[in-house]
Amino acid sequence: MDPFLNSSATVYVERVIISMQSAYYYLRLRQHFASVTEGEQQEITLAELAQIFCCTIRNTKKVIKQMEEQKWIEWSPGRGRGNVSRIVLLYGIEEIVLPVAQERIQDGDLEGAMQLLNDFSITAKGREHFFDWLSGQFGFIQEKIRERKLDTLRMSFYRPIPALDPAFVNRRTESHMVKQLFDTLIRYDEKMDAFIPHLAHHWEVNESGTEWTFYLRKGVFFHHGRELTAHDVVWTLERIADPKTGSPYRWMLEDVEKVTAEKETMVKISLRRPNQLLLSILASDRLSIVPGDVIQEKGQAFSRLPVGSGPFSLVTNDLQMFILEAVPTYFLGRAHLDRVEIWIVPENSQDVRNEDYFSKRGEVHFQTFWNKLGPMEQWQELQSLEKGCTYLAFNLNRPGPQQDIAFRQALDRLIVREKMIMELRGNRYAPAYGFLPENKDVLGGGVGLDGDFKGWSDHRSMQLFTYEGAGNENNAEWLQQHLVDCGIRVEVTVLPIEELKKLEIIQQADMVVAGEVFDEQWVLGMVEFFKSDISFSRQLWSPALREQIDHELDALMLERDVTGQRHHLQEVERLLREQYAMLFLYHTRQHSAYHSALAGVSLNALGLVDYKNIWFRQ
């Protein structure tokens, strides 16, 4: 197939097909005559052209005719078989590549467009013009389809978003999208600091705290049209609790003895013992209610194109596009937007992710709407300091220098957090001495000492692992350089996050640099981080440390108020600090910008925006 045609895109009209094919052949011709200026006549035979185009003489004549019709060339055919013809090329490579790249983007082939820019020699000025055009494709778009005006919010993202099954979701952006697509039994309201009704309009608990009854709303429908009932709640919870499912959130339901549908709108949850985190757990997006019939039908495909009951449904999710559409009958009211489009612009497309237009943080933010041509006074800014931090964890189960607490202490003193933040910049904001930004500097932090590593310098190269994105590659390289300067050899391995979570992979690491961000339910988020088998920290702890931490977490589950719960989390952090099992590095600040015509914007704890509440003053 012609490499300029995209088999996965919608069918092109004939004119566009001809244009794309002609462009492909013209660019090959232009590369052949790279030193020839536009308007300069050249001699060539049909046989030579056929060789350049890699096609037959017959097809070569058709291509030449198409180029003539589009006025890309002037052609004077030679008289007789084998005689020399004359050709004049009227356009440079850039004048063809940029319009074709724009056309590819408008047809949804983002990857192909970016590949074009990388394959051909486009000048800096040409790239600037292209990105000026591209920036205008993002933001608020109003379209008319079948006489109906649609409001679309369009942004870019650096990677596909394929894993959206709530029972397995673990990344920030995926978690955010799950909240747009699904609903939970109840919700946590951060402003009220209280749990509020959602799918369940009311709930009750017995005096011992072991019997919980939830009463469901009527008339809530999944996106495929079936009404949500108590049986879906039972199926969802039993699925996560089932070891065969393999959900990393099975621990959340380890105190649940039985879940029963008393009737279509009534669910009873029986506990083996009181669990003061139960409401937090039921409000977690991990326990979003799913339709069992659809999962059984789709199998693993459900993860890419899930069906929920949330304010948006997912209509497209592939390597190039992620498209949400508003659900008109959503039980809490229709979203103001009609559509949310996320274009996947690969990070590895060299410099196509120009910093003026795209966020390199690795998450979906509103600075992707920033148009440098627009007046600054028309833009609003939001900032939020994340709950969570970037950290360096040590593998206490693998032989190596990291087994020695003196080595871990020396590395802690070596790493000057302020220097790391200043040199790497980006969204790195403040030194971390615990997961929460309000934690104080308990142990002093790095002071830049570099003379404590001589006893370990003759050891094998240390293995520092991290996962792709979120600035992790830069963090790992920075740490590597500082250790190398002290005589410690370090090899950096960067993996997809799904690979790094595998036990057999992470156990090959001596150290792991990663980050964790908690949503509004930060207590549950921290417990999840410490208890989950896919945590980048828990898998590295020694059995003794794991036992100590689990003891604190078990006690936390019995605490009624957040003060008591926080005390146990602080004890866990104290254990990690005292043993230098984890070095807290820095906190991140999210900075977002949006046009003043955009209303209903507020950043959640993940630094992201709930699309349901956004609307435009236009």
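For the range 97-106, the count of residues that are crowded, with 17+ Cβ neighbours inside 10 Å and in the same structural domain as Tyr26 (by TED's automatic domain parsing) is zero. For the range 108-131, the candidate set comprises residues that are touching a residue at least 60 places away in the same chain (Cβ under 8 Å) and within 23 Å of the chain's Cα centre (by Cα); within that set, the residue that is nearest to Thr316 (Cα to Cα) is Gly108. Please tell me if Gln137 is outside any loop (DSSP other than H, G, I, E, B) and in contact (Cβ under 8 Å) with a residue 24 or more places away in the chain. In short, no.
Selection over the range 174-200 of residues that are in contact with a strand residue (DSSP E or B) (Cβ under 8 Å, 6 or more places away or on another chain) and exposed (fewer than 14 other Cβ atoms within 10 Å of the Cβ) gives a count of 3. Selection of the range 201-223 for residues being at pLDDT below 95 and loosely packed, with under 11 Cβ neighbours inside 10 Å yields Glu207, Ser208.
Only residues that are within 25 Å of Met557 (Cα to Cα), free of Cβ contacts under 8 Å to residues at least 12 places away in the same chain and assigned to a loop (DSSP other than H, G, I, E, B) were counted in the range 192-242, giving 5. Taking the numbered list (1) small (Gly, Ala, Ser); (2) modelled with pLDDT of 85 or more; (3) at positive phi in turn, Gly108 passes all entries but (2). Ile549 meets the conditions (1) touching a strand residue (DSSP E or B) at 6+ places or on another chain (Cβ under 7 Å); (2) aliphatic (A, V, I, L, M); (3) without any contact (Cβ under 8 Å) to a residue 60 or more places away in the chain; (4) surrounded by 15 or more Cβ atoms within 10 Å (Cβ to Cβ) in every case but one. The failed one is (1). The residue pairs whose first member lies in the range 460-483 and is touching a residue at least 40 places away in the same chain (Cβ under 8 Å) and of a type in the set (Gly, Ala, Ser), whose second member is outside any strand (DSSP E or B) and surrounded by fewer than 23 Cβ atoms within 10 Å (Cβ to Cβ), and whose beta carbons are closer than 6 Å, counting only pairs six or more residues apart or on different chains, are Gly469/Gly362; Ala470/Gly362; Gly471/Gly426.
Under the condition of being touching a Ser or Thr at 6+ places or on another chain (Cβ under 6 Å) and assigned to a loop (DSSP other than H, G, I, E, B), the residues counted in the range 598-610 number 1. Only residues that are part of a loop (DSSP other than H, G, I, E, B) and buried (at least 19 other Cβ atoms within 10 Å of the Cβ) were counted across the range 401-418, and they come to 1. Checked against (1) surrounded by 13 or more Cβ atoms within 10 Å (Cβ to Cβ); (2) outside any loop (DSSP other than H, G, I, E, B); (3) among the charged types (D, E, K, R), Glu143 passes all but a single condition, namely (1). Would you say Ala470 is within 24 Å of the chain's Cα centre (by Cα), in the same structural domain as Ala410 (by TED's automatic domain parsing), not in a strand (DSSP E or B) and not acidic (Asp, Glu)? Yes, satisfied. Restricting attention to the range 250-281, the residues being in contact (Cβ under 8 Å) with a residue 12 or more places away in the chain and over 23 Å from Gly564 (Cα atoms) number 14. For the range 576-597, check the following and say yes or no: at least one residue is aliphatic (A, V, I, L, M) and in a helix (DSSP H, G or I). Checked the range 576-597: at least one residue is aliphatic (A, V, I, L, M) and in a helix (DSSP H, G or I). Residues that are in contact with a Leu (Cβ under 7 Å, 6 or more places away or on another chain) and over 30 Å from Val256 (Cβ atoms) are absent from the range 544-564.
Looking at this structure, is Lys179 part of a helix (DSSP H, G or I), under 28 Å from Thr316 (Cβ atoms) and among the basic types (Lys, Arg)? Yes, satisfied.
The values are calculated or read from the model by the stated rules, or taken from the named source; none is laboratory data. This structure is a prediction, so every number in the text was calculated from the model and none was measured. Every residue, glycine among them, receives a Cβ derived from its backbone with ideal geometry; neighbour counts consider all protein chains shown.
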